[in-house]
1. If you scan the stretch 65-78, which residues turn out to be assigned to a strand (DSSP E or B) and surrounded by 21 or more Cβ atoms within 10 Å (Cβ to Cβ)?
2. Which pairs do you get when a residue that is at negative phi and modelled with pLDDT of 95 or more, found in the stretch 26-37, comes within reach of a residue that is in a helix (DSSP H, G or I) and surrounded by 18 or more Cβ atoms within 10 Å (Cβ to Cβ), reach meaning Cβ atoms under 6 angstrom, with the pair 6+ apart or on two chains?
3. Say we look at the stretch 42-64 and pick out the residues that are within 16 Å of the chain's Cα centre (by Cα) and part of a loop (DSSP other than H, G, I, E, B); which of these is nearest to residue 95 (Cα to Cα)?
4. In this structure, is residue 49 within 13 Å of residue 82 (Cα to Cα) and modelled with pLDDT of 95 or more?
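The values are calculated or read from the model by the stated rules, or taken from the named source; none is laboratory data. Worth saying up front: this structure is predicted, and the values here are computed from it rather than measured. Counting neighbours? That spans all protein chains shown, and the Cβs are built from the backbone with ideal geometry, glycine included.
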């Protein structure tokens with residue numbers, strides 16, 4: 001394998017056991033695993049994760065690899081925080097989740113959050129000075145936390161020693177995943 005072999009990368013997705021937006025979790029999982037990345041899903045418990053479609057209709061079920069409490073953030077190259085209103089609102093109240101977010105940002109590793117996922121970053125107090133996007137209803141929360149909100153399909157901010165990738169909703173998954181891929185690329189220098 002070469003130094004820029006992205007299949008050497010490990011990604012952590014953090015969610016709760018109910019309410020994550022199906023495509024915001026499953027599309028990135030399938031995409032990243034498709035090129036060989038190791039992707040672990042960590043949830044509040046190791047019980048099945050029940051996804052939702054558009055915050056209402058039952059979606060697919062996912063078996064997490066570990067619980068939030070059992071995560072070693074240092075073992076991963078990128079943190080993925082999917083949305084879903086119920087998921088994101090519950091996730092931001094989990095001390096283990098906000099601790100994971102802080103571990104990534106303080107060590108300079110990238111974080112990718114979509115839709116309502118940035119609520120966990122707001123709760124972890126890491127958005128001040130960052131330009132980002134989200135589902136529009138988070139605009140005021142982001143501004144109140146010191147972030148700069150933009151209505152764009154994807155926003156990547158490399159300031160403050162760590163990369164933040166954000167998108168608004170499942171319709172933005174293509175540009176979101178393109179930026180995630182870029183953040184995971186290993187330099188050949």
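1. From the stretch 65-78, those assigned to a strand (DSSP E or B) are 66-67, 78; that's our starting set.
Within the stretch 65-78, 78 is the sole residue that qualifies.
2. Close Cβ pairs (under 6 Å, with a partner that is in a helix (DSSP H, G or I) and surrounded by 18 or more Cβ atoms within 10 Å (Cβ to Cβ)) amount to 27/173; 31/177.
3. This residue is 44.
4. Values: within 13 Å of residue 82 (Cα to Cα): yes; modelled with pLDDT of 95 or more: yes.
It is true that residue 49 is within 13 Å of residue 82 (Cα to Cα) and modelled with pLDDT of 95 or more.
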